[in-house]
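Read-outs: derived from the displayed coordinates by stated rules, not from any lab. All values reported here derive from a predicted model rather than from experimental measurement. Here the Cβ positions follow ideal geometry from the backbone for every residue, glycine too, while neighbour counts run over all protein chains shown.
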Amino acid sequence: FSFDLGYTVFNVNRPKTSLLSGIQSQYRKHMRHQYYIKADYELSNSFSLNPRFLYTYQGPHSTYIAGSDVSYNLDQNTTVLVGSGVMKNGNYFTAGFSVNKFRMALCFDLFNTIDFYGGELNMSYSL
């Protein structure tokens, strides 16, 4: 069992924003605060459960994501995963794999408030 929690802050110096270059804006970005908690629990030598929670807010806006992945180790270097969870405005489903230090996952978002579906492809390589 492993457990991790953290905090991140963005826009600490509150930069000014502008849509047009060369034009100064008096509007400064709000700092964005992000909190997360995650756990990794080995169910067996091959299966593990990975619950996650993320809360973020910036000025008057906030959102959260809560869910879990189940991962299966095919061998010492290869893992496949599937997962799902809830967001402030809907649900998400994800599937992916990792080989050594490379990870790829496809995420599909299903929003409740509007007729909108979204997807994204995530790739990462750990150094």
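Between ARG28 and ALA66, how many nm apart are label points set 7 Å from Cα along the C-beta direction?
Distance between label points: 3.5 nm.
Where Lys and Arg each count +1 and Asp and Glu each count -1, what net charge lies around TYR64 among other residues with Cβ under 15 Å from its Cβ? Provide the component values of the computation, followed by the final result.
Working: positive: ARG32, LYS38, ARG52, LYS88; negative: ASP109.
Local net charge: +3.
Taking LYS101 as the anchor, which lysines have their alpha carbon closer than 25 Å to its alpha carbon, excluding any fewer than eight residues away along the same chain?
Excluding near neighbours in sequence, the set is LYS38.
Where Lys and Arg each count +1 and Asp and Glu each count -1, what net charge lies around THR79 among other residues with Cβ under 15 Å from its Cβ?
Details: positive: LYS101, ARG103; negative: ASP40, GLU42, ASP69, ASP75.
With Lys, Arg at +1 and Asp, Glu at -1, the net is -2.
Cα convex hull of the chain: mean projected area in nm², to one decimal? Could the numbers behind the result be given before it?
Values: hull surface 42.0 nm².
The number I arrive at for the chain is 10.5 nm².
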